[in-house]
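The values are calculated or read from the model by the stated rules, or taken from the named source; none is laboratory data. All of these numbers come straight from a predicted model, not from anything done at the bench. Here Cβ is always computed from backbone atoms with ideal geometry, including for glycine, and neighbour counts include all displayed protein chains. Each accessible area value is taken on the protein alone, full model and side chains, heavy atoms only, with ligands, DNA and RNA left out. Shrake-Rupley method; radii C 1.70, N 1.55, O 1.52, S 1.80 Å.
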Amino acid sequence: MAVIRKKTGNFLEDFRVGEVLRHKGGKTVTEGLFNTFTEFNMTTNPLSKNREYARLYGYDDIVCPPGLVMLVVFSQTVEDISENARANLEYINMRFGAPVYPGDTLEAETTILGVTRSSRTPELGVVHVASLGRKQTGEVVIAFERKVQVWMGDMNAKVDDRVLETKPVVECAPWIPAYDPSRNYKAKAHLSNRDTYFEDFHPGDTYEHSRGRLITDEHIALTAQLDNTSQVHCNQHMIDMNPEKYIGGRLIIFGGIPFNLCLGVSCPDIADNALADVIYTTGRHVAPLFSGDTVFAETDIRECRDYPGREDLGLLVVTLRGHKFRHPKEGDPTAVKVDIFVLEREIAVKRRSHYA
Amino acid sequence: MAVIRKKTGNFLEDFRVGEVLRHKGGKTVTEGLFNTFTEFNMTTNPLSKNREYARLYGYDDIVCPPGLVMLVVFSQTVEDISENARANLEYINMRFGAPVYPGDTLEAETTILGVTRSSRTPELGVVHVASLGRKQTGEVVIAFERKVQVWMGDMNAKVDDRVLETKPVVECAPWIPAYDPSRNYKAKAHLSNRDTYFEDFHPGDTYEHSRGRLITDEHIALTAQLDNTSQVHCNQHMIDMNPEKYIGGRLIIFGGIPFNLCLGVSCPDIADNALADVIYTTGRHVAPLFSGDTVFAETDIRECRDYPGREDLGLLVVTLRGHKFRHPKEGDPTAVKVDIFVLEREIAVKRRSHYA
Amino acid sequence: MAVIRKKTGNFLEDFRVGEVLRHKGGKTVTEGLFNTFTEFNMTTNPLSKNREYARLYGYDDIVCPPGLVMLVVFSQTVEDISENARANLEYINMRFGAPVYPGDTLEAETTILGVTRSSRTPELGVVHVASLGRKQTGEVVIAFERKVQVWMGDMNAKVDDRVLETKPVVECAPWIPAYDPSRNYKAKAHLSNRDTYFEDFHPGDTYEHSRGRLITDEHIALTAQLDNTSQVHCNQHMIDMNPEKYIGGRLIIFGGIPFNLCLGVSCPDIADNALADVIYTTGRHVAPLFSGDTVFAETDIRECRDYPGREDLGLLVVTLRGHKFRHPKEGDPTAVKVDIFVLEREIAVKRRSHYA
């Protein structure tokens, strides 16, 4: 007879450099999950909305937007990698591969690339990992590294404090349907914006995306739908018993939610005529988000490059920045802009010359 | 190098009488979208709930309720027609056509029928449009006119102030499966109410529908799922910075939400044994709705007509009226009834003689 | 000309012992409904998440968790059985049968087993019923009894106060795919927890499940999605006009919601490697739940038995207990534990010897 209260997740001392963790669960992307997140994202790219349009381009079905692929795979890694984390420090080299359609099943695994205990705050350390997601065909759909600040569980435990000498090589590049002059792309060109082809972008321009979106306590159900069970997003009693321990003394919104919303809010200006997100070289959450905040975003156009091997496409290199506003006091018409998220992003965008 | 903040939507001076606008996006009705709205609507007609029942009647699958078809098509027209509107004045001759099933993809287009600048308030005018939605087969699923009060963008711009001489003719009548005496409808008759066949209705009767439904800030996610990105429904920061500019100083609920909820709340009394909504001759929102309001509805039976060419059906002509209550002060048991919505509605209802 | 306000549901005097009520509606489990509840439940069993895993085990598709089957069938019985109830007293012998997959359509019927008017409070009585749900193949998916305390409608009406002599016999046992040594179960064993096989459980142990979940006013939409239209869950105006009449003076959360959430919160410790819930011999709601409560659960292991005819499985007999906390006053760090739900539960659990 015993009372059992299981610990979930790993502490700093539990990580073994070089180990590969195959995560639990896996997840079939039902039409319900697809609908919830594609719509929450506010994406406007018809590839994720209109099956006829997606098929005209050579996809099998409507396409999961990159943010949804990221959320489903990332969330599967949470219990093993970041359930006992203090902070998610950085996304690195997040690359997209095979398209994901409703009905596909995604599974995830993670290699531990390095562990570094902090000399200044020895109760913490940084875990550097490489994760990937595969669909049922075995194809990689996403691969990314991230750095997480993780708590020690037992201050006297031995930490595997080192860096993997050779990172595993994961092939992951977006599958983009071939340009086919016999397809009548122009017949559906009115379904996307007219001014978001590759020719429309100029390095140095900044787009202030016009739409904002309030996030309510809906974030709790959204996070649960992703199987991200981290208690700081949904356990109000835990917060109430010890509010000073938790950032803001409130349930905090899972970072994947604003990550996605920023992608969506920028979509009508930036990615309405994209065929794929290629890579997010780096990304970070800069400030926390809570129920009641309204999310906005801006995009800086940094480079406009040729897309190797594809005359019909260009590669748009941008910085996506999310922000919210803090209202100093009620009735005060001023508001302070607070940065919440930044993402370096490269996108494969259609050329008007070929598609419209 | 430029800072770009795109204007979305058209102002009064942007509309050209006679022009046909093909709207962006299109939308595949996934099972996720179907579930969200069919259940929010509170419809009780088994055609929208029970695949076996719908197939017994000759439909291919469970059927999208008329309110969902309306929401999906209407919302696609918002950016081009009413993003810069002050008010949606009237729905006119909304007719339903081919049935819409989960998996169908709907696209929309709108013809500008007339533009009238106001002489009394020259910063405003009325745009009169005819919209229609088609599914991937090319069949029309809905056609309707509406009148919208739209802001001028540039007070000095020239307005195309005239009326189209000849309205385009759009064939749109509901597809209703033929009555087939060899089908055993009676075997499933217990799945719908026993007292809502055509023989049960009498002109002059008023039904006070017994159920009410609180609308919470769930309305934000519902509206986003429809791709209706009008900022007055979801941009809390915009409201907070200038509350006096906005009705009620709060996020306002998209009119399509109470439109649907009134249809649903009336369903068990009025449309549980309907095979189709035929036409909404006119409809208007009479008062705004906010998070925290509970929606109720009533229906007046105006006429009971034969349905041309169908002995198994009757045409029920009704007025659907939605309302909420205003509570003068907390603790005060009185409450003031406030009308919110009115819709003139004609429905094809089964006769008991043939189906039960 | 008349004003009609229909009564819905039956009062104590309306029940006829021995009568069989076939309920209205029926319900196709769309992928939208499946997603909403499987994710709200927080189940972690991969059978309900990962189509490839479910097929490896011999299921046709991802499997609806037992709580979803219960919710869909139970809710269909509400209007006829408990719309005019004061309280749902007890669930009895709830047994599960054929697996339910997305796309299946469930219909429900109920036999009245007994009616007992209260001698002490003659405005109330207890109705004892046996309900069952079938899918479109005719197979029974769930069968259960329940006892409900129902109001009299007319105090002078005659009550059919008696007990059915012979209960109808309903065959209902879980369909569990045969163990097939040629299947490579081990290849997917990493997708479920390693320490929740039958060999891991010991009578007398108590599991304090580590996760809690706040329920917000999302419960209104969840309840509506189940077609449970009981007004105490969604009609805020009704409550506001007469708060003293209703428990807590607030919208109360439908008991099926915490029933499901307790199953889900216990899943990673108890049912992650279950192939079926066999029977809930008895269950009761002990205290009401409101928006803002955080739900927790515990499980007592009572017995570990062989599963008849199946060497690969064991039968786990447990008590599942749900609770919340009441915070005496703001800022007070103490909190009082309040029991909300108890369920006696028998589960068919895989043996490590065969599957991992």
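Structural remarks
- Scanning region C:219-236 for residues that are assigned to a loop (DSSP other than H, G, I, E, B) and more than 16 Å from the chain's Cα centre (by Cα) returns C:229, C:230, C:234, C:235.
- The numbered conditions (1) open to solvent by 30 Å² or more (accessible area, probe 1.4 Å); (2) not in a helix (DSSP H, G or I) are all true for residue C:62 except (1).
- With respect to (1) of a type in the set (Val, Ile, Thr); (2) without any contact (Cβ under 8 Å) to a residue 40 or more places away in the chain; (3) within 25 Å of residue B:176 (Cβ to Cβ), the lone exception for residue B:4 is condition (3).
- Boolean, residue A:103 is open to solvent by less than 20 Å² (accessible area, probe 1.4 Å), small (Gly, Ala, Ser) and either touching a residue at least 60 places away in the same chain (Cβ under 8 Å) or not in a strand (DSSP E or B) (or both): no
Listed here are the residues, each with its yes/no results for (1) assigned to a strand (DSSP E or B); (2) open to solvent by less than 30 Å² (accessible area, probe 1.4 Å); (3) within 14 Å of another protein chain (Cβ to nearest Cβ); (4) in contact with a Cys (Cβ under 6 Å, 6 or more places away or on another chain).
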residue: B:132; (1), (2), (3), (4): yes, yes, no, no
residue: B:147; (1), (2), (3), (4): yes, no, no, no
residue: B:150; (1), (2), (3), (4): yes, yes, no, no
residue: B:155; (1), (2), (3), (4): no, no, no, no
residue: B:161; (1), (2), (3), (4): no, no, no, no
residue: B:173; (1), (2), (3), (4): no, no, no, no
residue: B:181; (1), (2), (3), (4): no, no, no, no
residue: B:195; (1), (2), (3), (4): no, no, yes, no
residue: B:199; (1), (2), (3), (4): no, no, no, no
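- Yes/no for residue B:183 being over 19 Å from the mean Cα position of the chain (by Cα) and closer than 29 Å to residue B:295 by Cβ: no
- Flag for residue C:124 being of a type outside the set (Gly, Ala, Ser), open to solvent by less than 30 Å² (accessible area, probe 1.4 Å) and more than 14 Å from chain B (Cβ to nearest Cβ): yes
- Given (1) crowded, with 24+ Cβ neighbours inside 10 Å; (2) under 17 Å from the mean Cα position of the chain (by Cα), index of the condition residue B:87 fails: (1)
- For region B:113-130, filtering for residues that are touching a Gly at 6+ places or on another chain (Cβ under 7 Å) and part of a strand (DSSP E or B) leaves 4.
- When residues of region C:222-243 are limited to those that are within 17 Å of residue C:292 (Cβ to Cβ) and open to solvent by 30 Å² or more (accessible area, probe 1.4 Å), the one nearest to the other protein chains (Cβ to nearest Cβ): C:236
- Residues being away from chain B (no Cβ under 14 Å) and buried (at least 24 other Cβ atoms within 10 Å of the Cβ) are represented in region C:70-80 by at least one member.
- Odd one out for residue B:105, checked against (1) touching a strand residue (DSSP E or B) at 6+ places or on another chain (Cβ under 8 Å); (2) more than 29 Å from residue B:350 (Cα to Cα); (3) of a type in the set (Ser, Thr, Tyr): (2)
- Test: residue C:191 is closer than 27 Å to residue C:299 by Cα, at pLDDT below 95, open to solvent by less than 50 Å² (accessible area, probe 1.4 Å) and within 8 Å of another protein chain (Cβ to nearest Cβ): no
- Restricted to region B:106-121, and to residues there that are aliphatic (A, V, I, L, M) and under 16 Å from residue B:134 (Cβ atoms), the residue that is surrounded by the fewest Cβ atoms within 10 Å (Cβ to Cβ) is B:106.
- Qualifying residues in region B:1-27 (those that are open to solvent by less than 30 Å² (accessible area, probe 1.4 Å) and within 20 Å of the chain's Cα centre (by Cα)) - the one nearest to residue B:123 (Cα to Cα): B:23
- Pairs where the first residue, in region A:160-171, is modelled with pLDDT of 95 or more and the second is surrounded by 11 or more Cβ atoms within 10 Å (Cβ to Cβ) and among the aromatic types (Phe, Trp, Tyr), C-beta under 8 Å, 6+ apart: A:160/A:15
- Just one of (1) more than 20 Å from residue A:53 (Cα to Cα); (2) open to solvent by less than 20 Å² (accessible area, probe 1.4 Å); (3) touching a helix residue (DSSP H, G or I) at 6+ places or on another chain (Cβ under 9 Å) fails for residue B:98. It is (3).
- Some residue of region A:45-64 being aromatic (Phe, Trp, Tyr), more than 14 Å from chain C (Cβ to nearest Cβ) and closer than 30 Å to residue C:356 by Cβ: no
- Qualifying residue in region C:346-354 (condition: within 30 Å of residue C:237 (Cα to Cα), small (Gly, Ala, Ser) and open to solvent by less than 40 Å² (accessible area, probe 1.4 Å)): no
- Hits in region C:309-325 (condition: exposed (fewer than 12 other Cβ atoms within 10 Å of the Cβ) and either among the hydroxyl-bearing types (Ser, Thr, Tyr) or modelled with pLDDT under 95 (or both)): none
- Exactly one residue out of A:31, A:39 is at the interface with chain C (Cβ under 10 Å from one of its Cβ atoms), open to solvent by less than 40 Å² (accessible area, probe 1.4 Å), under 30 Å from residue A:194 (Cα atoms) and not β-branched (Val, Ile, Thr), and it is A:31.
- A count restricted to region B:246-276 and to residues that are in a helix (DSSP H, G or I) and free of Cβ contacts under 8 Å to residues at least 40 places away in the same chain stands at 1.
Let's see how each residue does on (1) open to solvent by 10 Å² or more (accessible area, probe 1.4 Å); (2) under 23 Å from residue B:89 (Cα atoms); (3) modelled with pLDDT of 95 or more; (4) not charged (D, E, K, R):
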| position | (1), (2), (3), (4) |
| --- | --- |
| B:245 | yes, yes, no, no |
| B:281 | yes, yes, yes, yes |
| B:306 | yes, no, yes, no |
| B:335 | yes, no, no, yes |
| B:338 | yes, yes, yes, yes |
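- Condition met for residue C:141 (modelled with pLDDT of 95 or more, closer than 18 Å to residue C:60 by Cα and surrounded by 16 or more Cβ atoms within 10 Å (Cβ to Cβ)): yes
- Each residue in region A:5-28 was checked for being modelled with pLDDT of 95 or more and in contact with a strand residue (DSSP E or B) (Cβ under 7 Å, 6 or more places away or on another chain), and 14 pass.
- Some residue of region C:249-272 being basic (Lys, Arg), within 30 Å of residue B:265 (Cα to Cα) and open to solvent by 10 Å² or more (accessible area, probe 1.4 Å): yes
- The residues in region A:201-218 that are outside any loop (DSSP other than H, G, I, E, B) and open to solvent by less than 40 Å² (accessible area, probe 1.4 Å) can be counted, and the count is 5.
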